[in-house]
Amino acid sequence: MFSRNKRGVSSQKRVSVNRFGRPNVRGRRKRPSERELDFTQFVKKAVQTTEVEAWNPTHRFADFEMHSKLKANVAKAGYVHPTPIQDGAIPHILEGKDVIGVANTGTGKTAAFLLPLIHKTFKFPTEKVLIIIPTRELALQIEDELRKFADGSGLRSALCIGGSHIGDQIRSLSRNPSFVIGTPGRLKDLVERGKLRLTDFNNVVLDEVDRMLDMGFINDIKYLIALLKTPRQSLFFSATMPREIAELTKKFSNNAVTITIKSRATSENVDQDIVRVLPKEDKLEVLHNMLLKPEFTKVLIFGRTKHGVEKLAMRLEERGFKSDSIHGDKSQAQRQRALRRFKQDEIVILVATDVAARGLDISDVSHVINYELPENYEDYIHRIGRTGRGAKKGTALTFVD
């Protein structure tokens, strides 16, 4: 157990905390938004497996009925065998069916919908695809994948996200792109300005649908989908399928094929522990001493507020650590720069709000540190999922006062 006072963690009591991670004072009424967090949930060893269940795909990428240029780019990227979600979804999407894919993040969902839709636009150049996603970072990752798979084809795309200059996005839309990738708020803004005409689109993808529901985008999504051309091909991808999403998919799809991939939870690859900060200890000093250890090679630190995240990143930089921050108050260019520096190991510490808790696929993150408690256990699972990716092992540490 990673603690200066090992005895202090042995209790199995459920501790009620407020949104700032502080214990509730007896007699004070809790706000309705406050939740109870059981600190024992943050202590768990990674699952040690001696045997990994073999996945025997039905297809190889070369077997799919896809455009030769697309197949060449897939092979160039080094892809031979599809992941389970790709193996299950791609044949149905190629046949023009609506698909609902339920699978965890990091399972290859992006290629599962991009490859057949790129093939479709190669085969029928008038086809137009709208991809709706919850965060700017995920939008950028999807666009990068699109460019890789469509390399040398001349296929045009437009990225429509907040935090970037809307004038540039309007110019991209004026070039009649085959793919438009965007976040709900910015897409709705462009529609209302008359710069994006959704009646031209006969393909739609909603990725990370449960996250968009959590973020309050459900009404914007319904607004956007209702404007699309009919008939159309509709694809929905989500890690979970709560009732409201099930109702949405039923309303906006036609005889959809549902593909559910059961995979080992990301958290099973992660050693989880808490760091108890004693009353007389300086929390920043505890963090500083941890980060000096050689095993902390690439660290993602989560805070709760934009101001707190920015302040922590600055204080770490003042102490000589190569760090940067990412949060909602930063421009898209600043966020992209911070992510690029982290991915390319120009910095070893990235301090972030929960904007980085989903969708980001960054290799070799050795540690996730919850410097401030998440709002709930689901957010905790998404945070720690940034380490222990694939078959690699990671470590997650949660500060507890």
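The values are calculated or read from the model by the stated rules, or taken from the named source; none is laboratory data. Fair warning: this is a prediction, and the values are worked out from it, not measured in the lab. Using ideal geometry, Cβ is built from the backbone for each residue, glycine included, and neighbour counts are taken over all protein chains shown.
Annotations
- So Ile326, is it of a type in the set (A, V, I, L, M) and farther than 25 Å from Met212 by Cβ: no
- Here Arg243 qualifies as surrounded by fewer than 17 Cβ atoms within 10 Å (Cβ to Cβ) and of a type in the set (Lys, Arg).
- If you go through the range 197-214 and keep only what is buried (at least 17 other Cβ atoms within 10 Å of the Cβ) and assigned to a loop (DSSP other than H, G, I, E, B), you end up with Phe201, Asn202, Asp207, Glu208.
- Failed item, numbered, when Arg276 is tested on (1) touching a helix residue (DSSP H, G or I) at 6+ places or on another chain (Cβ under 6 Å); (2) of a type outside the set (Asp, Glu); (3) within 29 Å of Leu140 (Cα to Cα): (3)
Rundown of residues vs (1) modelled with pLDDT of 95 or more; (2) among the acidic types (Asp, Glu), yes/no style:
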residue	(1), (2)
Thr230	no, no
Leu248	no, no
Asp271	no, yes
Pro279	no, no
Arg315	yes, no
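- Qualifying position, being surrounded by 14 or more Cβ atoms within 10 Å (Cβ to Cβ) and either over 27 Å from Asn104 (Cβ atoms) or β-branched (Val, Ile, Thr) (or both), among Leu228, Leu140, Leu187: Leu228
- Hits in the range 169-183 (condition: surrounded by 12 or more Cβ atoms within 10 Å (Cβ to Cβ) and either in a loop (DSSP other than H, G, I, E, B) or modelled with pLDDT under 95 (or both)): Pro177, Ser178, Thr183
- The number of residues in the range 338-364 being assigned to a loop (DSSP other than H, G, I, E, B) and β-branched (Val, Ile, Thr) comes to 4.
- Some residue of the range 365-380 being part of a loop (DSSP other than H, G, I, E, B), touching a residue at least 60 places away in the same chain (Cβ under 8 Å) and in contact with an Asp or Glu (Cβ under 6 Å, 6 or more places away or on another chain): no
- Condition check for His92: within 26 Å of the chain's Cα centre (by Cα), more than 21 Å from Ile181 (Cβ to Cβ) and in a helix (DSSP H, G or I): yes
- When residues of the range 82-100 are limited to those that are more than 19 Å from Asn56 (Cα to Cα) and in contact with a Phe, Trp or Tyr (Cβ under 9 Å, 6 or more places away or on another chain), the one surrounded by the most Cβ atoms within 10 Å (Cβ to Cβ): Val99
- Flag for Gly194 being outside any helix (DSSP H, G or I), more than 29 Å from Glu378 (Cβ to Cβ) and without any contact (Cβ under 8 Å) to a residue 24 or more places away in the chain: yes
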